[in-house]
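Structure first, commentary second.
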Amino acid sequence: MKFYLTTAIDYVNSRPHLGTAYEKIAADVIARYKRLCGVETRFLMGNDEHSQNVFQKARELDVEPLAFCDEMEATFRNVWTSLDISFDDFIRTTEDRHRKAVTALVARIIEAGDIYEGFYEGWYCVSCESFKQEKDLVDGNCPVHQNPPEWIKEKNWFFRLSKYQERLAEHYDACPDFLQPEIRRNEILSLLDRGLDDISMSRRGQSWGIPVPSDPESVIYVWVDALINYASAVGYGSDQALFEKWWPADLHIVGKDITRFHCIVWPAMLMSAGVDLPRKVFGHGWVHWQGQKMSKSLGTVIDPLEAVERLGPDPLRLYLAKEIGFGQDGDFSWDRFEDRYNVDLANNFGNLVSRIISMGHRYRNGRLVVPSRETGPLSSIATETVESYRRSMDEYALHRAIATAFGLIDATNEYIAAVEPWSVAKDTARADELDRQLCDMVESVRIVSTLLSPVMPSACSEIMRRIGFRPSGALNLDRDGMWQTPTGSERQLEQAGPLWPRLAPERVTPAVKGSKQKETKTMNEDGKQVESSPEPELTEASTISIDEFFKIDLRVGRVVAAEPIPKSQKLLRLEVETGSGVRQIVSGIAKAYDPEALIGRHVVFVANLKPATLMGIESNGMVLAATDSTGNAVLIEPEDVERAPAGSEVR
Ligand code: MSP
């Protein structure tokens, strides 16, 4: 089994942005998934260098175009490496292997009698490198780049695209899966219905490009040149054995703006040259920024390296692959990115891993041995998860596959809440029950890490290391996606710092938001103020009016993380989801509650309390609890959290 996968090759007139990076990340997830399935994979990326924009940019900088492209290659490779993109080959259209392939393939098209000399007069958008018709323009502008195209008038070579209209339609009939998703296929079918015009395939009087074999005065139109990269990279015209091994490509991944080139022009060129068609094209959607396509020419770009610097490559890869339905458009914003990081990674996956490892250390000194006791419910959930993940991945529903893996994280959290290992640990007669629970939780995390390894390769391998799983050789889904807890097998757990430290939780309550400076109090462990800005004093100590009571903003929250505060016997540090974010609250309930037992529970808290610092940790609110006869805290919880979820007001 083998799989040849490509992405669009990028124009190098500017550095990669988050939109172009999105495509490479999605393709990388697929390439890594294929390798995980044991498929021999070749993943191609590259740079599209013969564009007029590139030539003009080099002119502006007063450097040779090729020298400029060399520099840009280094820039692109650096970004892709920082994003952990695992391409096997990187092609540049100025390379000799590409020049040979273009010359050979165009020669075949000429031999087939499919080019003729004609006269082109019309609009041309240099940013798209594409000929435009009057009806394509919006207010005289290119609809994608929102700037006016040039009017060009030149003698060109034309490709008889119209000749292939019928064969293309037959191909779409015979291979309904050729183009995914469905919406893109419908667009192409309606273009075919409307009829195809021949296209200009050369530019006269330009020096930057590959000459037309029969007319050295003209260079091959940059799109015809660029599309051939997929064949040149596997040896078309230069290495027949390599070409036979890898062609046809199994999947071209391209943006929705360029599916027409890949789904009409490219197949017609291949038909003309007598070369097999690629098996599938996937036209993904756009990453939007503030409601617009992220695009250099629109000035709406985010540098992927900035996102990597903030939170690392894995969280960015996860955000883009999970939050944007593959095939649809999706938004990027810093707030949303950080929010998802806190929710999915810091509070959910990362928290689960560290909870399990810390329970393993607390109850078993970090060394787990699988008991003979039967495995619990997580094993069948994990098996179903792996199957459904596979189905989604095989359909390229990357977002759904990832959500499925996160379903196993949820199931593991629910399992912990249901079996309460901290209670089981109190009874030595239930030792093997606890062993089984701990081993099952670890196994579940191992399977989640296997499934998410194509998305977050380095974090998942770090998690596997921490739970003592060292696969022999590359991961393999058939083997490593199976539930494996044979009796007597062992796992050594390693405690280490948080994988994804939480970003500073919401620090100010709505009531004090916007205040110039926050006053904080510092308290010692007993809750005594040692340094304070006093609250305004109430004039009547015994009663308060209803208006005064309403000043207190009581809310429902959900505990997403809880941990002891070092050197404190009373205090716990809680992270409480508030419905609009996560805030940190220090609470004096450590004597009554095991931190593990609090995760997922709902509490009522004072949302507009002035922040205070307790044992050096800022607390933004106060969790309400009753007191039992021994003076211990008893938490107040809403009776029905479906009806009163986090964020609900309490009156
Ligand atoms: N050079 C051509 C492709 C030739 S392929 C034979 C090109 N280059 S590009 O640099 O403009 O775009 C490269 C890829 O990035 C394209 O697939 C394009 O659709 C994609 N994207 C550019 N902006 C994007 C977003 N904002 N969001 C998602 N993908 C985006 O086109």
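The values are calculated or read from the model by the stated rules, or taken from the named source; none is laboratory data. Model, not experiment: these values are computed from the prediction. Ideal geometry is used to build each Cβ from the backbone, glycine not excepted, and the neighbour counts take in all protein chains shown. Surface accessibility is based on the protein's heavy atoms, side chains included, excluding ligands, DNA and RNA. Shrake-Rupley method; radii C 1.70, N 1.55, O 1.52, S 1.80 Å.
Of all residues in region 1-37 being more than 9 Å from the ligand (Cβ to nearest atom) and among the hydroxyl-bearing types (S, T, Y), which is nearest to S127 (Cα to Cα)?
Result: Y4.
Hey, can you tell me all the residues within region 617-646 that are part of a loop (DSSP other than H, G, I, E, B), touching a residue at least 60 places away in the same chain (Cβ under 8 Å) and either more than 21 Å from K551 (Cα to Cα) or not assigned by TED's automatic domain parsing to the domain that holds K567 (or both)?
V641, P645
Output the residues belonging to region 571-612 that are of a type in the set (V, I, T) and in a loop (DSSP other than H, G, I, E, B).
Those that are of a type in the set (V, I, T) and in a loop (DSSP other than H, G, I, E, B): T578, I589, I599.
Matching residues to (1) under 30 Å from D303 (Cβ atoms); (2) at pLDDT below 95:
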{"position": "D329", "(1), (2)": "yes, no"}
{"position": "V343", "(1), (2)": "yes, yes"}
{"position": "P377", "(1), (2)": "no, no"}
{"position": "T385", "(1), (2)": "no, no"}
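Suppose the filter is in contact with a Leu (Cβ under 6 Å, 6 or more places away or on another chain) and either modelled with pLDDT under 95 or of a type in the set (A, V, I, L, M) (or both); does L36 pass it?
Yes, satisfied.
Here's the yes/no breakdown for (1) touching a residue at least 40 places away in the same chain (Cβ under 8 Å); (2) within 28 Å of the chain's Cα centre (by Cα); (3) assigned by TED's automatic domain parsing to the domain that holds P181:
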residue	(1), (2), (3)
I356	yes, yes, no
N365	no, no, no
V386	yes, yes, no
L408	yes, yes, no
A411	no, yes, no
A417	yes, no, no
E420	yes, no, no
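Which members of region 265-309 meet the condition of being more than 9 Å from the ligand (Cβ to nearest atom) and either of a type in the set (D, E) or under 16 Å from the mean Cα position of the chain (by Cα) (or both)?
Passing the criteria: D276, I302, D303, P304, L305, E306, A307, V308, E309.
Which residue out of S232, S202, S238, S214 is touching a residue at least 24 places away in the same chain (Cβ under 8 Å), touching a Lys or Arg at 6+ places or on another chain (Cβ under 8 Å) and away from the ligand (no atom under 16 Å from the Cβ)?
Matching residue, one of S232, S202, S238, S214: S238.
Looking only at region 334-352, decide whether some residue is away from the ligand (no atom under 13 Å from the Cβ), among the small types (G, A, S) and under 17 Å from the mean Cα position of the chain (by Cα).
Taking every residue of region 334-352 in turn, at least one turns out to be away from the ligand (no atom under 13 Å from the Cβ), among the small types (G, A, S) and under 17 Å from the mean Cα position of the chain (by Cα).
What helices (runs of 4 or more DSSP H) lie completely within region 302-369 and have 2 or more residues being of a type in the set (V, I, T) and in contact with a strand residue (DSSP E or B) (Cβ under 8 Å, 6 or more places away or on another chain)?
none
For (1) more than 28 Å from R317 (Cα to Cα); (2) in a loop (DSSP other than H, G, I, E, B); (3) in contact with a strand residue (DSSP E or B) (Cβ under 9 Å, 6 or more places away or on another chain), each residue gets a yes or a no:
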| residue | (1), (2), (3) |
| --- | --- |
| K245 | yes, no, yes |
| I253 | no, no, yes |
| W266 | yes, no, yes |
| V275 | yes, yes, no |
| G283 | no, no, yes |
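Is it fair to say G255 is within 8 Å of the ligand (Cβ to nearest atom) and not hydrophobic (A, V, I, L, M, F, W, C)?
Numbers: within 8 Å of the ligand (Cβ to nearest atom): yes; not hydrophobic (A, V, I, L, M, F, W, C): yes.
So G255 fits the description; yes.
Which of the following residues is at pLDDT 90 or above and either exposed (fewer than 15 other Cβ atoms within 10 Å of the Cβ) or not in a strand (DSSP E or B) (or both): Q517, Q484? Quick ask: steps written out before the conclusion?
Details: Q517 fails: at pLDDT 90 or above.
Exactly one of Q517, Q484 is at pLDDT 90 or above and either exposed (fewer than 15 other Cβ atoms within 10 Å of the Cβ) or not in a strand (DSSP E or B) (or both), namely Q484.
I need the full set of residues from region 362-393 which are of a type outside the set (D, E, K, R) and open to solvent by 80 Å² or more (accessible area, probe 1.4 Å), in order please.
Once the filter is applied, which keeps residues that are of a type outside the set (D, E, K, R) and open to solvent by 80 Å² or more (accessible area, probe 1.4 Å), region 362-393 yields N365, S372.
For every residue, the table says whether it meets (1) in the same structural domain as D197 (by TED's automatic domain parsing); (2) closer than 30 Å to W157 by Cα; (3) basic (K, R); (4) touching a helix residue (DSSP H, G or I) at 6+ places or on another chain (Cβ under 9 Å).
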residue: N53; (1), (2), (3), (4): yes, yes, no, no
residue: A67; (1), (2), (3), (4): yes, yes, no, yes
residue: S86; (1), (2), (3), (4): yes, no, no, yes
residue: I109; (1), (2), (3), (4): yes, yes, no, yes
residue: D114; (1), (2), (3), (4): yes, yes, no, yes
